[in-house]
Amino acid sequence: MWFAGIVFLATFLVVESALTKRPLIMRVLNITAVAGIAYLVLVIRRISAEQKLEDLRDGFERRLRERTVLLDESQRMARIGSFRWDAQTHTNVWSDELFRIHGMEPAPFAPAQGYRDLIHPDDFDAVHEKLARSYETLEPYDDDYRIVLPSGEVRWMHAHGEPVSDGGGSFIGLQGTCQDVTESKEAERAIRDAFEHEQRIADELRALDASKTTFLQAVSHELRTPLTTIAGVASLLEGGLLTPGDGRYEDMVGRLTANTKRLGSLLDDLLDLDRLSRGIIEARRRPTDLSALIGSTTSQIDMRDHPLSIDGDNVIANVDGAQIERIVENLVANAVKHTPPGTAIWVRTIERDDGVELVVEDSGPGVLPEIRDSLFEPFVKDTRGHVPGTGIGLSLVYRLAQVHGGNVWVDDRAGGGASFHVWLPNASTPKPERETVDAA
């Protein structure tokens, strides 16, 4: 192309010189000057274009650096890092913030097993399952899981991944973001804990209200009968309708005395339950002959035609005798109330190396399964047969056993009935949660 141009220019100069009769050399000089000026213009324009191109390139690189810094700063502030994994080359590129989130120094590529090794072992299978499903379906995924930093610290991550496919729909990589959401997770847990706490308080208040209602119903019922009897006898005495010479006198006075004692016993139970609940009653331990104590206590109980068998070792235990009397009294009285007249009741003591066990058994209908776990709570009682009582006795047994460091439980008796066990350990012996003893 350039050779044809030179030939054309030379031909033009010869012809033009012949026609104008001007010296060829002058024409050449003129043309050369014009060409030089034109070339100089072209050079200047090229330099200017190259400078503009350089300026554009510098501006682009500057804006790119600025945007990279801005992106890095944005990721740092939001605790979000980005990644891109190429499944074909097995390279994984992380942003600087993603390295920092994982407790690492920024590097051109993520370590080959870095992400796998950092996932909490308890969360790895679930994370792997979500990733595998995303690879197969080419659908995005979101996941929350824990990571373990090289320092051992556990952090929460939220990951979002977008599968990358080729034109044919085959999976070739994955890109997405990971955000440190530890603070929000901890806030959620704090809110959740505050709500379990508030729910527990609400449940306790409801239980307290129900207990109050049960208490009022039980106590009012237990008070009404003796108060009615006392008021009736007092009215007869006051009106002169009952005198010592009257044949009913001794019977009525006996009822008055019995119901007065019943009220006193109820009041004592309520006061003891309150003291025990507040932890102001302690066991005053002394060496005590349990067999003699059981015999003396049961002799004062109205057995209502129930045969009573007392069996056991001649046990001398270091216990609070008055509190053990209350335990025996309540357990035997409970058996009398809840079993048919004429059925047998057994009281046994078993001495062990680490303490003593007191067992009271009956041959009645046994304990309802639905109240077995709550039987030793205040005001809980078996409602079959409308047996009178406040439901305080067994709760006192439980608390008095606790004062001794012991425990109470109930089993089904072999052959039918209930088997109540009271474990009273030596001072340094831990209490068993449950132990079944062969029935008599």
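No lab work stands behind these numbers, since they all come straight from the coordinates. Just so it is clear, the model here is predicted, and its values are computed rather than measured. We place every Cβ from the backbone using ideal geometry, glycine too, and count neighbours over all the protein chains shown.
Worth pointing out:
- Segment 282-425: equivalent-ellipsoid semi-axes (sqrt of 5 x gyration tensor eigenvalues, Cα, Å): 23, 17, 14
- Pair residue 403, residue 116: separation of 7 Å Cα→Cβ label points (nm): 6.6 nm
- Counting neighbouring beta carbons within 10 Å and listing from fewest to most, the residues 325, 370 come out as 370, 325.
- Label point distance in nm, residue 311-residue 370, each placed 7 Å from Cα along Cα→Cβ: 3.5 nm
- Shape index of segment 79-180: Rg/Rh, with Rg the Cα radius of gyration and Rh the Kirkwood radius from the inverse mean 1/r over Cα pairs, equals 0.95.
- Extension gain, residue 234 to residue 86, is 43.3 nm, computed as 0.36 nm per intervening residue step minus the present C-alpha separation.
- Stokes-Einstein D in µm²/s, Kirkwood radius over Cα pairs - segment 187-275 at 37 °C with 0.692 mPa s viscosity: 196 µm²/s
- Over all other residues within a Cβ to Cβ distance under 14 Å of residue 134, the charged ones net out to -4, with Lys and Arg as +1 and Asp and Glu as -1.
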